[in-house]
Amino acid sequence: MPKHVIVIGAGLGGLSAAIRLAYRGFKVSVFEKNATVGGKMQEVVSPNGYRFDTGPTLLTMPFVFEELFQSVGKTLSDYLTLLPLESACKYFFSDGSSFTAYCDLNRLREEIARVFPSEIENFERYFQYSKRIYDATAKHFIYNPLSFSRLLKSNPLDLLHIDAFSTAHAANARFFKDARLVQFFDRFPTYVGSSPYLAPATLNVIPFVELAFGAFYVKGGMIELAKAYHKLAEELGATFYFNHSITRILTSNAKVSGVQLANGETLTCDAIVSNDDAVHTYADLLGKKHIAQKYEASCSGFVLCLGVGATHEHLAHHNIFFTSDYEHEFAEIFEQKVMPSEPTIYISISSKSDTGQAPESKENWFVLINAPFLSPAYDWHEQKSAYRNFVVNRLKSLGFTHLEEQIEFEHIITPMDLKMKFNSFRGSIYGISSNKRISAFLRPRNRGMVKGLYLASGSAHPGGGTPMVTLSGKFAAELLMEDFKV
Ligand SMILES: Cc1cc2nc3c(=O)[nH]c(=O)nc-3n(C[C@H](O)[C@H](O)[C@H](O)COP(=O)(O)OP(=O)(O)OC[C@H]3O[C@@H](n4cnc5c(N)ncnc54)[C@H](O)[C@@H]3O)c2cc1C
């Protein structure tokens, strides 16, 4: 009889684990509280022809996704098309200048020479610095489950290279004189929901990952990635139960024995992979309430999906409109825990690369603003429509004067929605923040705290973001197979 594994959640982390386990002969049952796969990778389709990805908009590290398909004898391109983007993002600074982060390194160098002529050598030094962090962290923190015995055997020079004793901002300010370039590099820790003014400079690994491996979009919408994972998991024999919420993990003799569903029904199993948020898994499904005090959540997001009945030639697929005072913005988010009074605004327009995403001569704007995780300091029930109006007015002041009249469809997502829909820790996007020097060590491990429980999600090792959660599913599945000697 094959061993029965229950996977809680059909987000990318759960799907990644389900694919690998089904391929290796386990009986895999995936229980998802919502009606669709993908977790935070969702879509909204408007009746008037606009389509929006409401979660991830940018992919990097394509080899991580390719490896998942290869690991079960398949080819990613048979399931979906990853489109390499010409630029990862276009940046608009508060002084009116702009800078395009081209994916081709030589073109990027030309752009740096054009906008920041005195910084080109500093950029070359920074690229090597970021690469050294990548080389030092890859084995320990990115491509393997966390292992202290492996860490103890590591080259002591690696510890120097990871630059854990500066903040990301302090390190960036060491390299560059132009405050705009510092701000550009300071943005990368937000990819994992952290503040550049608090997070260790180890997160300066992220620029290397984007610059070296490129930026990608999934043809038809990012949701196609989740649909492809789902299709593959079903082909390999995994069974999916949608609209089924797990409310309890059952244990017997200090080992998992089954789950309880919201309707009270119980099911037995040999092991569990939880793609549910790690803090929610421990605090609510296992009853270990104290766990939530141990962690700080990553930041959350306020999302406005706008169907805009006009085109804007100066915008790219991905755009950032920076605030004039980045430090103040992060202090508001992480210290005061309120929405920023002068926010940096991200606008992703997938119709720039994929015309079917909006009606002809119109654009699908996904507007994202970093938000604090949920706390009593900010009440979304009261503030939701006021903040929506504030953002639209701010966009008008950035030159989109007629925006209000051009909006043909809109949909709002608040941190409260992320918590309610996905059980995410305090409504966070990326699970646990990386704001502390030791965050990477404290992050919940893939082998859970109860025998037979494994964690595969952005709130577990190695962290948030689509490639990382795909790796999280890989580590959870591999550790499970190791324990079951498969
Ligand atoms: C607005 C936004 C923008 C983002 N932008 C990017 C980006 O550009 N690039 C990038 O790489 N990443 C981005 N991310 C982050 C990325 O979406 C996440 O890191 C990743 O999708 C998380 O996947 P996951 O598998 O860990 O969890 P989730 O996606 O949270 O999936 C968990 C699943 O488990 C289900 N579940 C939870 N509890 C239970 C239960 N008790 N019973 C049954 N089911 C349960 C949930 O419903 C959900 O479907 C973004 C996220 C958001 C919200």
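Data table
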read-out	value
Filter result for the condition that a residue is under 17 Å from ILE320 (Cα atoms), touching a helix residue (DSSP H, G or I) at 6+ places or on another chain (Cβ under 9 Å) and β-branched (Val, Ile, Thr), over ILE347, ILE407	ILE347
Output for region 331-388, where each listed residue is of a type in the set (D, E, K, R) and within 16 Å of the ligand (Cβ to nearest atom)	LYS352, ASP354, LYS384, ARG388
Selection within region 351-374 - touching a strand residue (DSSP E or B) at 6+ places or on another chain (Cβ under 9 Å) and in a loop (DSSP other than H, G, I, E, B)	SER353, ASP354, ALA358, PRO359, LYS362, PRO372, PHE373, LEU374
Near pairs, Cβ below 6 angstrom, 6+ apart or cross-chain, from region 1-26 (touching a residue at least 12 places away in the same chain (Cβ under 8 Å) and more than 18 Å from GLY458 (Cβ to Cβ)) to any residue that is away from the ligand (no atom under 13 Å from the Cβ) and among the basic types (Lys, Arg)	PRO2/LYS27; HIS4/LYS27; PHE26/LYS3
Where a residue in region 420-437 is under 24 Å from ALA168 (Cα atoms) and its partner, wherever it lies, is charged (D, E, K, R) and at pLDDT below 95, with Cβ under 6 Å and at least six apart	ILE432/ARG443; SER433/GLU296
Where SER348 falls short, out of the listed (1) without any contact (Cβ under 8 Å) to a residue 40 or more places away in the chain; (2) hydroxyl-bearing (Ser, Thr, Tyr); (3) part of a strand (DSSP E or B)	(1)
In region 335-345, residue farthest from GLY307 (Cα to Cα) [restricted to those that are hydrophobic (A, V, I, L, M, F, W, C) and assigned to a loop (DSSP other than H, G, I, E, B)]	VAL338
Candidates HIS280, HIS318, filtered to the one that is within 14 Å of the ligand (Cβ to nearest atom) and touching a Cys at 6+ places or on another chain (Cβ under 6 Å)	HIS318
Search result, residues across region 218-261 that are on the phi > 0 side of the Ramachandran plot and touching a helix residue (DSSP H, G or I) at 6+ places or on another chain (Cβ under 8 Å)	GLY220, GLY221, GLY237
Tabulated pairs, region 203-220, first among the polar types (S, T, N, Q), second outside any helix (DSSP H, G or I), C-beta under 8 angstrom, 6+ apart or interchain	ASN204/ASP163
Only listed residue being within 30 Å of ALA88 (Cα to Cα), assigned to a helix (DSSP H, G or I) and free of Cβ contacts under 8 Å to residues at least 60 places away in the same chain, chosen from GLU332, GLU327	GLU332
Of all residues making up region 434-486, the number that are closer than 18 Å to GLY193 by Cα, among the β-branched types (Val, Ile, Thr) and not in a helix (DSSP H, G or I)	1
Which numbered condition LEU157 misses (of (1) of a type outside the set (Phe, Trp, Tyr); (2) more than 15 Å from the ligand (Cβ to nearest atom); (3) under 23 Å from GLY458 (Cβ atoms); (4) assigned to a helix (DSSP H, G or I))	(3)
Number of the condition not met by THR401 [criteria: (1) more than 12 Å from the ligand (Cβ to nearest atom); (2) over 30 Å from VAL259 (Cα atoms); (3) touching a residue at least 60 places away in the same chain (Cβ under 8 Å)]	(3)
Residue satisfying all of: in region 32-89; part of a helix (DSSP H, G or I) and within 12 Å of the ligand (Cβ to nearest atom); surrounded by the fewest Cβ atoms within 10 Å (Cβ to Cβ) among these	PRO62
Selection from region 99-135 of residues that are assigned to a strand (DSSP E or B) and in contact (Cβ under 8 Å) with a residue 24 or more places away in the chain	PHE99, THR100, ALA101
Residue among GLY301, GLY307 that is in contact with an Asp or Glu (Cβ under 6 Å, 6 or more places away or on another chain), of a type outside the set (S, T, N, Q) and touching a residue at least 60 places away in the same chain (Cβ under 8 Å)	GLY307
Condition check for VAL28: away from the ligand (no atom under 12 Å from the Cβ), out of contact with any Asp or Glu (no Cβ under 6 Å at 6 or more places or on another chain) and either under 24 Å from CYS269 (Cα atoms) or among the hydroxyl-bearing types (Ser, Thr, Tyr) (or both)	yes
Given (1) under 23 Å from PRO340 (Cα atoms); (2) within 14 Å of the chain's Cα centre (by Cα); (3) not in a loop (DSSP other than H, G, I, E, B), number of the condition ILE412 does not satisfy	(2)
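One line per residue, one yes/no per condition, for (1) within 16 Å of the ligand (Cβ to nearest atom); (2) without any contact (Cβ under 8 Å) to a residue 12 or more places away in the chain; (3) not aliphatic (A, V, I, L, M):
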residue: ARG447; (1), (2), (3): no, no, yes
residue: LYS451; (1), (2), (3): no, no, yes
residue: SER459; (1), (2), (3): yes, no, yes
residue: GLY463; (1), (2), (3): yes, no, yes
residue: LEU471; (1), (2), (3): yes, no, no
residue: PHE484; (1), (2), (3): no, no, yes
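The values are calculated or read from the model by the stated rules, or taken from the named source; none is laboratory data. Quick caveat: nothing in here was measured; it's all calculated off a predicted structure. Heads up, the Cβs are rebuilt from the backbone with ideal geometry, glycines too, and the neighbour counts pull from every protein chain shown.
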